[in-house]
Every structure is written in structure tokens, then in C-alpha cells.
1. Working only within segment 88-121, note down all residues that are among the aliphatic types (A, V, I, L, M) and farther than 30 Å from Ala334 by Cα.
2. Which of (1) crowded, with 17+ Cβ neighbours inside 10 Å; (2) part of a helix (DSSP H, G or I); (3) of a type in the set (A, V, I, L, M); (4) in contact (Cβ under 8 Å) with a residue 40 or more places away in the chain is the odd one out, the single condition Ala239 does not satisfy?
3. Answer with yes or no whether Glu122 is charged (D, E, K, R), exposed (fewer than 12 other Cβ atoms within 10 Å of the Cβ), over 21 Å from Gly82 (Cβ atoms) and free of Cβ contacts under 8 Å to residues at least 60 places away in the same chain.
4. Report, ordered by the first and then the second residue, all pairs with beta carbons closer than 6 Å, sequence separation of six or more or different chains, a first member in segment 262-280 that is in contact (Cβ under 8 Å) with a residue 24 or more places away in the chain and surrounded by 15 or more Cβ atoms within 10 Å (Cβ to Cβ), and a second member that is outside any helix (DSSP H, G or I) and not small (Gly, Ala, Ser).
5. Conditions first: (1) more than 23 Å from Ile151 (Cβ to Cβ); (2) modelled with pLDDT of 90 or more. Val234 passes all but one, so which condition is the exception?
6. Using the structure shown, decide if Ala106 is exposed (fewer than 14 other Cβ atoms within 10 Å of the Cβ) and either hydrophobic (A, V, I, L, M, F, W, C) or in contact with a His (Cβ under 6 Å, 6 or more places away or on another chain) (or both).
7. Mind counting the residues in segment 242-284 that are assigned to a helix (DSSP H, G or I), more than 23 Å from Gly149 (Cβ to Cβ) and over 17 Å from the mean Cα position of the chain (by Cα)?
8. Hey, does segment 163-185 have a residue that's in contact with a Phe, Trp or Tyr (Cβ under 7 Å, 6 or more places away or on another chain) and outside any helix (DSSP H, G or I)?
Amino acid sequence: MTDPNWHPPANEPDRPRYGEYSPGKQPGPPPVGPAYGYRPTPPPAWTPPPKPGLIPLRPLGFGTLLGAPFQVLRRNPKATFGSALLVQAVTVLVTLVVVGAVTFFALGRIESAPVEDQDAVEAGAIVAIVLSALVPLALSIVASALLQGVIVLEVARATLGEKLRLAALWRQVGRRVWPLVGWILLLTVALLVGVLLVAGLVFVCALLGGGWIALAVIVGVVGGLGLIAAYAWVNTKTALVPSLIVLERLRIWAAVRRSWSLTTGFFWRTLGVLLLIGLIVGVISQIVTTPLTLLFSAATALIDPNASFEAYIPAGVLYLLTILVTLVVGAVAAVVQSAAVALIYIDLRMRKEGLDLELQRFVEAAPGSAPADPYLRGTGTATDEAPRPDPGAPWA
């Protein structure tokens, strides 16, 4: 029973009974505060992915893939543009010295040869000039391989916020330069074999004459288009080979297989980026070099063959200026195109293998903890890969 003499304490507020509302208040959500036992947890705020260096550590958009290669030049110009300019200058200088000297010597022999030996001397001179051209060709292959490796390594380390000097880049890439040379030689030989095969078929059909002439034209047109399509396809599927050779330290065939696997499902995206970068670089190169070429042609056309030596000075200056500008433009183009390939490699590994998480762990690691190189895969086929460094050792 209820005690009729009981009254609520004076300091306790008047509370409504169960199922009732306080006078003058509308129903609503329960009050918030520690006295009521809970607080609503606010939703976590969105934070953008970290960007310690060249690019944000997330799968890259199409615009980033097109714009970031040009930022490589601005971020570390001495190591990137300096390397490209040095490589281009050495190649041009060796070409001028070797081929120029052999050509000068061969033409001198032709002029001084007796009339009855003229044909034989001319044939020997042509062979000597062609053989001399192989020296700068071999040098350009080695230089191109070295430059590709340097730019790939620079992009990979710039993504982590690191900035290596030119000597450090060259020293580290020097360990992988011969696999890169072998890969470029392999591509060159394959392209040369395809061109010779199509040209040989056209030549044989043309020799037969008659109705075979029409077949020669058809073989030339269809074969040429087929070569272009095959080159675009193979070049796109194997575009990541230099990055794999340098960053994952794979051998050539292992790198080819892995590049083929990484580009599966992203063929048209990869091809589109490579074509657009090539188109942009080509247009810029033509805009810069075409006026100088036209000026040089006009200067040489205005010179009288019987004019004095001073008349050739403007043409010589224009020629040297054209070579210098061509070297600069060629260096920029080489850096941008190699950087685009490296960025495509990083993007595909982020999309397919979660490389962005590995890169974030590497960046956020405590100083002195010496984490393993994030670009090296943790497991791999030992027979297909070069010896890996100690995972606990600093990246070298």
C-alpha cells in the first residue's frame, strides 16, 4: 500500500511518469550528455590521400598521368633534364666526330682515286660510312637505356618525396643498364626483322612483274599497316619492362611476362596516355624547331656558291643554334616520355596490387626504421629474378 503521508523530496525535480511528456515540451530525441549514458559519435572526416612528393598515393586519374610527367622536369631538373641533355649531347658529338671524320676521309679517297678504280673506291667508301654509323647507333642504344633507367628511378623515388642527385641516380641505374640495353636491342631487332620481311615480299613481287605488281602494292600497304598495328600493340603491352627491370630488378623475359600481366585490362588506357604524351611532345617540338629550320634553309638558299667565307657565317650560326635547340627539345621529350611510362607502372600496381598502401607505410615509417623498398615484391620466382637485397636493409 501507498503511505498517504509520503511526499517526494523537495530537491528532486518533478519528473513525468513513464509514457508521459514533461509539461510544455514536445516529444523528440533523448537529451545528450554524460548523465544519460551516451554521446553520438561524429562521422570520421574524409582526409585526402597523402602526397609526399610527385603524385598523391592513390590510383591516378587520366589528367594526373598526363600532367605529372612534365612536373618531373621542374622538381629535379639537374638530375632529369641534365641527364637527358648530357646523353643527347654525347650522342650527337660522337656522331659528328666519327661519321664526319669517316665521311671526310672517304670522299677524299674518291677524289684522289684513279678513274679505273673509281667504282670500287666509291663502294668501299659507302661501306665505311655505313659501318661508322653503327658506332653512334650502338652508343645511342646504351644512352637511351641509361636515360630510361634514370628517369624511372627518379619518378619512383620522387613519389616517396625523395630527391636524388644525378651521380646517385646514375650509380644505382648502372647496375641494371645491361638488361635495359638487351631489351632495347631485342625490340630493335624485332622491328627490323618485320620491316625486312615486308620489304622482301614487296621486292620479290615487284621483280616478277606483270600482275605481281598489284600484289606488291597490296602487300606493301597491308604489311605496313600491319606492322604499325603490331608495333603499337607490342609496345603497349611491354611498355612497363624498363620500370620492372630497374625497380623490381627482374630479368628481361620475367619483366616481359609481368608487363603483359599488368597491362591486361588497361591496354587502351595505357595506349591512350602514351599516344597523347607523344602527340603533345611532338607538337611542341615542331613549334620550336620548325622556324629555325626554315631560317636555316632560307639562309643557305640566299648564299651565292661563289661568295666569300663570311657569307657562310650566318648559316653556320643558324645551324649550330638549330642543333642546340634540337638537343634541348629532345632532352625534354625523352624525360617526359620516360616519366609517363614510370607513372603508368606505378598507377597499375596501385590499382591491381595495392601499391599505394605499401608506399604509405614506407612514407609514414619512423625515421631510422629502414623499411624495405616498397617497389620490390615480397615474393617472386627466384629463377626469373635477379638476387634481391636483404629486406631489412635500407634501399640502395
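1. Filtering segment 88-121 down to residues among the aliphatic types (A, V, I, L, M) leaves 89-90, 92-94, 96-99, 101-102, 106-107, 110, 113, 115, 120-121.
Those that are among the aliphatic types (A, V, I, L, M) and farther than 30 Å from Ala334 by Cα: Ala106, Leu107, Ile110, Ala113, Val115, Ala120, Val121.
2. Exception for Ala239: condition (2).
3. Details: charged (D, E, K, R): yes; exposed (fewer than 12 other Cβ atoms within 10 Å of the Cβ): no; over 21 Å from Gly82 (Cβ atoms): yes; free of Cβ contacts under 8 Å to residues at least 60 places away in the same chain: yes.
Criteria not met by Glu122.
4. Short answer, once both residue conditions are applied: Leu262/Leu240; Thr270/Thr263.
5. So the condition that Val234 fails would be (1).
6. When the stated conditions are applied, Ala106 does not pass them.
7. Qualifying residue count, segment 242-284: 2.
8. Going residue by residue through segment 163-185, those that are in contact with a Phe, Trp or Tyr (Cβ under 7 Å, 6 or more places away or on another chain) are none.
Checking segment 163-185: not a single residue is in contact with a Phe, Trp or Tyr (Cβ under 7 Å, 6 or more places away or on another chain) and outside any helix (DSSP H, G or I).
The values are calculated or read from the model by the stated rules, or taken from the named source; none is laboratory data. This structure is a prediction, so every number in the text was calculated from the model and none was measured. In this analysis, Cβ positions are derived from the backbone assuming ideal geometry, glycine residues included, and neighbour counts consider all displayed protein chains.
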